[in-house]
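The values are calculated or read from the model by the stated rules, or taken from the named source; none is laboratory data. Please read these numbers as outputs of a predicted model, since none were measured by experiment. Using ideal geometry, Cβ is built from the backbone for each residue, glycine included, and neighbour counts are taken over all protein chains shown. SASA here: full protein model, heavy atoms, side chains in, ligands and nucleic acids out. Shrake-Rupley method; radii C 1.70, N 1.55, O 1.52, S 1.80 Å.
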Amino acid sequence: MSHSELEKRRKEATPRGVGVMCDFYAAKAENATLWDEQGREYIDFTAGIAVLNTGHRHPKIVEAIRKQLDLFTHTAYQIVPYASFVELAERINSIAPVSGKAKTTFFSTGAEAVENAVKIARAATGRPGILTFSGAFHGRTLLTMALTGKVVPYKVGFGPFPASVFHAQYPNAVQGVTTEMALDSIERIFRSDISPSQVAAIIYEPVQGEGGFNIAPEEFVKGLRDICDRHGIVMIADEVQSGFARTGKMFASDYYPDAKPDIVTMAKSLGGGIPISGVTGRAELMDAPEPGGLGGTYAGNPLAVASALAVLDIIEEEKLCDRASRLGSELVEVLEKAKTTCPALVDVRARGSMVAAEFNDPATGKPSAELTKQYLRKALDAGLLMLSCGVQGNVIRFLYPLTIPDAQFKDALAILSRVLAD
């Protein structure tokens, strides 16, 4: 079948609300390489939107799933439990950046994890309010859309949204938002919108994902911890995109050892390509909901659990945290060099291999989504697949598999250098 015929079928069979970036179809993938239906090869710097820190089809993940296929594929854990679910929870509890005894439960998607973290916080505190931040992205369900701090395209036409959700400022040096301003905006909300005694949780991303890979300053996270401690508020860290070695540590929250969250949400690279998410938190909080209050038909599916256990082994055995730091440094060096000849490139941000490049129109100094799209298109034409992000769509984010071979990584950096030079 021709590409044009397949495109016609797609448009007739699927809604336009499912945005599709690429004008080709995947046929095969291996580690950091993806092939389309015409046999053309691409270096994948998207990793399925941060899902494939361990690469496409890692042999250990494939083998783990095959073994589980020979046993059973589904029972619904809350009907007939299985030991692998418990084992994965134990392993996550041992590494999660929360204080004291931790407990973990699993779901299917990042949005599910966030919704259930909110449920847990409300059950534990008896309060309704949730604070989140501008530029945040927490999902596409009704509640997580309310939490998300980016209107286009995620919230247009889908309101009204659940009440008792309030957005504070998130620190952003490029936009002139300081840590002090961000923390003051929380206090303004307490004065004008909702009493802190009615706030169940503050949810934040240690590194904003869709918001542009904005990194939370240490003093900001400490400030959040202090506010939560003073008012009995649950502090939730959304690590759906930043978890599992992407930032050079297992979780981005590990960079703030003196300001640990009470609950952590996770998904994406936990499953290595198989849908699974989780919520880990302090045991007394996690036990707040009544039996039956948490769960889901596919929550912690056996195939996904098997894959996740393999992911944890791979991260440890292949030292992917160290590798994330090294590869990120090499990429930042290339981007910083490019700034000298690319006036549109105004900022480079990085935490390990969670790296972003921000672009403004040199003529106006204003954020330019159009220019960013041009760079992405040129890279794609040269065989390098990348993604944009940012509230104004003017940021390129780099999400290559951490298992990418060194030679292929250097080839990708060479393509990137040529694109930015042009």
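With the structure loaded, tell me whether residue 346 is within 29 Å of residue 153 (Cβ to Cβ), open to solvent by 40 Å² or more (accessible area, probe 1.4 Å), not in a loop (DSSP other than H, G, I, E, B) and not small (Gly, Ala, Ser) or whether it fails that test. So residue 346 fits the description; yes.
Going residue by residue through the range 192-214, is there one that turns out to be touching a Pro at 6+ places or on another chain (Cβ under 6 Å) and modelled with pLDDT of 95 or more?
no
Taking the range 201-223 as the range and being of a type in the set (A, V, I, L, M, F, W, C) and touching a strand residue (DSSP E or B) at 6+ places or on another chain (Cβ under 6 Å) as the test, the residues that pass are 201, 202, 203, 207, 213, 215.
A single entry from 304, 283 fulfils the requirement of being closer than 30 Å to residue 58 by Cα and either open to solvent by less than 20 Å² (accessible area, probe 1.4 Å) or of a type in the set (D, E, K, R) (or both): 304.
Remark: pairs (first residue in the range 113-128, open to solvent by less than 40 Å² (accessible area, probe 1.4 Å); second residue modelled with pLDDT of 95 or more and polar (S, T, N, Q); Cβ separation under 6 Å; 6+ apart in sequence or on different chains) = 113/265; 113/277; 114/144; 114/265; 117/265.
Conditions (1) not in a loop (DSSP other than H, G, I, E, B); (2) not small (Gly, Ala, Ser), marked per residue:
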residue	(1), (2)
132	yes, yes
135	no, no
138	no, yes
151	no, yes
155	no, yes
160	no, yes
180	yes, yes
183	yes, yes
189	yes, yes
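In the range 244-272, the residues that are over 24 Å from residue 124 (Cβ atoms) reach residues that are among the hydroxyl-bearing types (Ser, Thr, Tyr) and open to solvent by 10 Å² or more (accessible area, probe 1.4 Å) with C-beta atoms within less than 8 angstrom, at least six apart or across chains, in these pairs: 247/255; 248/325; 249/255. Applying a threshold of 9 Å to beta carbon distances and a minimum spacing of six or more residues, or different chains, the list of pairs starting in the range 191-205 at a residue that is farther than 17 Å from residue 120 by Cβ and ending at one that is among the aromatic types (Phe, Trp, Tyr) and open to solvent by less than 30 Å² (accessible area, probe 1.4 Å) reads 196/190; 205/133; 205/170.
A quick yes/no check of all residues on (1) open to solvent by less than 10 Å² (accessible area, probe 1.4 Å); (2) under 20 Å from residue 242 (Cα atoms); (3) out of contact with any strand residue (DSSP E or B) (no Cβ under 6 Å at 6 or more places or on another chain):
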site	(1), (2), (3)
365	no, no, yes
377	no, no, yes
382	no, no, yes
390	yes, yes, yes
395	yes, yes, no
402	yes, yes, yes
412	yes, no, no
417	no, no, yes
422	no, no, yes
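Across the range 351-361, not a single residue is classified as acidic (Asp, Glu) and surrounded by fewer than 15 Cβ atoms within 10 Å (Cβ to Cβ). Residue pairs whose Cβ atoms lie under 9 Å apart, separated by 6 or more positions or on different chains, with the first residue in the range 322-341 and more than 12 Å from residue 420 (Cβ to Cβ) and the second modelled with pLDDT of 95 or more and exposed (fewer than 15 other Cβ atoms within 10 Å of the Cβ), are 327/406; 330/410. Taking the conditions (1) assigned to a helix (DSSP H, G or I); (2) open to solvent by 50 Å² or more (accessible area, probe 1.4 Å); (3) among the hydrophobic types (A, V, I, L, M, F, W, C); (4) in contact (Cβ under 8 Å) with a residue 40 or more places away in the chain in turn, residue 174 satisfies each one other than (1).
Looking for something in contact with a strand residue (DSSP E or B) (Cβ under 6 Å, 6 or more places away or on another chain), closer than 30 Å to residue 409 by Cβ, modelled with pLDDT of 95 or more and assigned to a helix (DSSP H, G or I) - is there at least one such residue anywhere in the range 315-330? Scanning the range 315-330 turns up at least one residue that is in contact with a strand residue (DSSP E or B) (Cβ under 6 Å, 6 or more places away or on another chain), closer than 30 Å to residue 409 by Cβ, modelled with pLDDT of 95 or more and assigned to a helix (DSSP H, G or I). Of the helices (runs of 4 or more DSSP H) lying entirely inside the range 1-100, those containing at least 2 residues that are exposed (fewer than 15 other Cβ atoms within 10 Å of the Cβ) are 3-13, 59-69, 83-95. For the range 362-407, enumerate the residues that are closer than 30 Å to residue 315 by Cβ, part of a helix (DSSP H, G or I) and among the hydrophobic types (A, V, I, L, M, F, W, C). 376, 379, 380, 407, listed by residue number.
Restricting attention to the range 217-255, the residues that are in a loop (DSSP other than H, G, I, E, B) and more than 30 Å from residue 310 (Cα to Cα) total 3.
Among residues of the range 394-418 that are over 25 Å from residue 59 (Cβ atoms), those with a Cβ under 8 angstrom from a residue that is polar (S, T, N, Q) and not in a loop (DSSP other than H, G, I, E, B), sequence gap 6+ or separate chain, pair up as 394/360; 394/372; 394/388; 395/372; 395/388; 396/372; 396/388; 397/388.
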